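Participant: First the structure, then my questions, so here it is.
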Amino acid sequence: AMLDQDSGLSLTIARIVQRLKGSSLHSQLERQARVSLHKPEIKLESLKEDIKDFLKTSGWEKKLQNAVYSELNVFPSPCHPAAPPEHMKEPLAYMRKAQGSWEKRILKSLNSMCTELSIPLAQKRPASEQKELLNKWNEMGTDEPDLSLFRPVYAPKDFLEVLMNLRNPNYENGEQPSFRNHLGLIQVPLKVKDIPELKEDFSELGLNIGQLGIDDSAQVPPEFFENEHVRIGQKVLAEQDSAAAQQYVRQGCPTALRADLWALILNISNQPEDILYYEQLKSNVIQHDLLVDSLIYKDVKLTASNDDYYFVFEDYLYQVLLCFSRDTSVLEHFTYSSATPPKSYIRGKLGIEEYAVFYPPNGVIPFHGFSMYVAPLCFLYHEPSKLYQIFREMYVRFFFRLHSISSHPSGIVSLCLLFETLLQTHLPQLFYHLREIGAQPLRISFKWMVRAFSGYLATDQLLLLWDRILGYNSLEILAVLAAAVFAFRAVNLMEVTSLAAAEAVLADLSTLKVMPLLQIFLFATVT
């Protein structure tokens with residue numbers, strides 16, 4: 001096994017070196033090293049060591065460390081050298097197949113909308129329209145185009161139906177021995193964690209550890225913890241160390257430091273070249289009109305514009321999402337996502353590969369509620385290019401997993417299964433009761449998890465939840481919170497006799513306090 005670990009490590013190192021070679025960090029480091037040659041403290045006889053020392057003291061070594069740490073967080077550890085590349089996307093063949101047929105359905109829906117409305121997928125905007133869009137770039141929300149004919153390509157409930165029909169072909173009609181007792185909607189045998197394992201993983205959320213988002217901890221007076229926590233947070237920022245920041249936010253972020261801490265964890269520094277890149281995306285939006293633009297527009301109007309917290313950010317949402325759809329750097333995440341970017345062929349050249357383009361250029365077709373991934377970030381970042389980069393990084397690290405079919409522990413299938421297993425194991429009476437009356441709990445919680453609770457929780461609570469997603473580099477906490485919400489409302493849910501009534505009990509989550517719910521569920525549940 002040791003040999004495997006070593007070869008895995010050297011593969012990882014080789015891949016990271018390869019990926020950093022083309023980066024702007026690499027050219028900056030080279031430039032710094034050249035500049036340092038003229039410094040008196042750099043001696044020819046100890047050149048290599050002196051340059052290393054210079055890079056250390058001038059903060060460049062930290063930047064390199066953060067870049068490496070970021071790569072390790074995003075990319076999965078390399079498969080066995082002999083494993084086919086699709087294994088990095090998704091090891092289970094039946095999952096890859098299911099994702100493939102789901103993508104065909106989405107494309108069919110998109111293409112039939114094109115045909116019905118006789119609108120091309122993409123066209124160049126006439127000069128007058130370009131000028132007009134440029135002028136109202138910061139107030140696109142004032143526009144009221146008629147979008148009545150456009151419909152979302154799919155909504156979370158359509159996706160849930162697909163997940164409910166997933167089966168592992170190796171097991172004939174539910175033969176999995178240990179799985180036979182699972183009475184939820186998800187019928188695939190994936191390994192999910194039990195409460196003891198979750199307690200260990202989320203040990204920093206324990207009852208005797210200070211937390212932001214808990215007002216009345218018995219152990220520590222909250223104001224004492226907060227002052228101390230802020231002081232440590234400032235130190236972590238001064239150090240500029242991504243790994244330390246990631247560990248720190250597990251106990252929550254002080255409001256004033258959150259934007260900087262998240263940026264540090266995600267390794268986003270908003271350099272001049274990043275701002276330039278964002279401007280290029282913007283000019284691409286101005287020049288070309290895509291069908292997905294109308295889908296984005298409609299989604300913002302249907303979701304964020306009607307939200308008490310987020311309607312003020314409408315213009316930011318258009319800017320970020322329209323630029324996102326043009327961003328071909330997003331295509332890179334498909335190397336470790338089970339999804340494959342859709343292809344479109346230039347008219348009359350169907351099926352001829354050299355005439356194929358990815359559509360939309362970033363490979364991501366937005367669905368109903370997609371803009372809610374961006375909305376909460378608008379509270380933290382007010383500079384469009386920085387907001388944009390933070391969202392893009394959150395998407396390629398986390399959010400893509402919430403709308404693709406995979407066996408990954410942070411993938412939506414595992415989250416659904418984890419949620420159902422936690423309820424069935426720890427609240428069996430509630431679980432059976434809801435199942436009997438036709439109110440399968442997952443039918444209610446699915447939309448919360450797909451949106452990472454955005455638009456369901458009060459914003460301050462949502463940000464405390466997302467702190468932990470970043471801190472643990474995992475989405476599993478979404479399933480734990482969904483189960484905790486059911487536990488919290490269990491008494492009322494035991495009274496209901498229909499799905500509609502159960503939905504009514506859980507319709508408003510805006511008064512919930514995330515951290516006490518998670519703590520009670522994980523650390524005060526008898527296991």
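Participant: Once you keep just the Cα pairs under 8 angstrom separated by 6 or more residues, what percentage relative contact order results for segment 438-527?
Facilitator: On the way: 58 pairs, mean separation 36.4, N = 90.
Relative contact order, segment 438-527: 40 percent.
Participant: Of G233, G438, S305, whose Cα points farthest to the positive end of the dipole of the chain (charges on the beta-carbon: +1 Lys, Arg; -1 Asp, Glu; origin at the Cα centre)?
Facilitator: G438
Participant: Hey, what's the chain come to in accessible area per residue, 1.4 Å probe, Å²? Numbers along the way, then the final one.
Facilitator: On the way: 24930 Å² over 527 residues.
Accessible area per residue, the chain: 47 Å².
Participant: Tell me, what % of the accessible area of the chain is carbon and sulfur with a 1.4 angstrom probe? Present the calculation step by step, with values, prior to reporting the outcome.
Facilitator: Numbers: 13890 of 24930 Å².
The value for the chain is 56 percent carbon and sulfur by accessible area.
Participant: How large is the dipole of the chain about the Cα centre if only Lys and Arg carry +1 and Asp and Glu carry -1, each at its Cβ, rounded to the nearest 20 debye?
Facilitator: Working: 51 positive and 61 negative charges, 251 e Å.
The calculation lands at about 1200 debye.
Participant: For E279 and A155, compute 0.36 nm times the residue count separating them, minus their Cα-Cα distance, and round to one decimal in nm.
Facilitator: Result: 41.5 nm gained on full extension.
Participant: Let me have the relative contact order for the chain, percent, based on Cα pairs under 8 Å that are six or more residues apart. Don't skip to the answer; put the middle values down first.
Facilitator: Numbers: 615 pairs, mean separation 99.6, N = 527.
Reported relative contact order: 19 percent.
Participant: Once Kirkwood radius over Cα pairs in Å is worked out from the coordinates, which option in (1) 29.4; (2) 25.2; (3) 27.5 does it equal?
Facilitator: (2)
Participant: Where does the chain land at 222 nm, in deg cm²/dmol rounded to the nearest 500, when only DSSP H runs of n ≥ 4 count, each adding -39500 (n - 2.57), divided by all residues? Write out the running numbers ahead of the final one.
Facilitator: On the way: 24 runs with 288 residues, N = 527.
Rounded to the nearest 500, it is -17000 deg cm²/dmol.
Participant: Another question, if that's okay. With the cut-off at 1.5 for a/c, could you classify segment 335-391 from its C-alpha gyration tensor as rounded, prolate or oblate? Display every interim value, and only then the final one.
Facilitator: Values: a/c = 2.90, a/b = 2.60, b/c = 1.11.
In terms of gyration-tensor shape, prolate.
Participant: Please list the non-local residues whose amide H lies under 5 Å from the amide H of K343, H modeled 1.01 Å from N, same-chain partners needing a gap of 5 or more.
Facilitator: Residues meeting the criterion, in which the H sits 1.01 Å from N, are Y359.
The values are calculated or read from the model by the stated rules, or taken from the named source; none is laboratory data. Only a predicted model underlies this, so the values are computations on that prediction, with no experimental measurement involved. A quick note on method: Cβ atoms are made from the backbone with ideal geometry, for glycine too, and the neighbour counts reach across all protein chains shown. Just the protein is used for accessible areas: all its heavy atoms, side chains included, with ligands, DNA and RNA removed. Shrake-Rupley method; radii C 1.70, N 1.55, O 1.52, S 1.80 Å.
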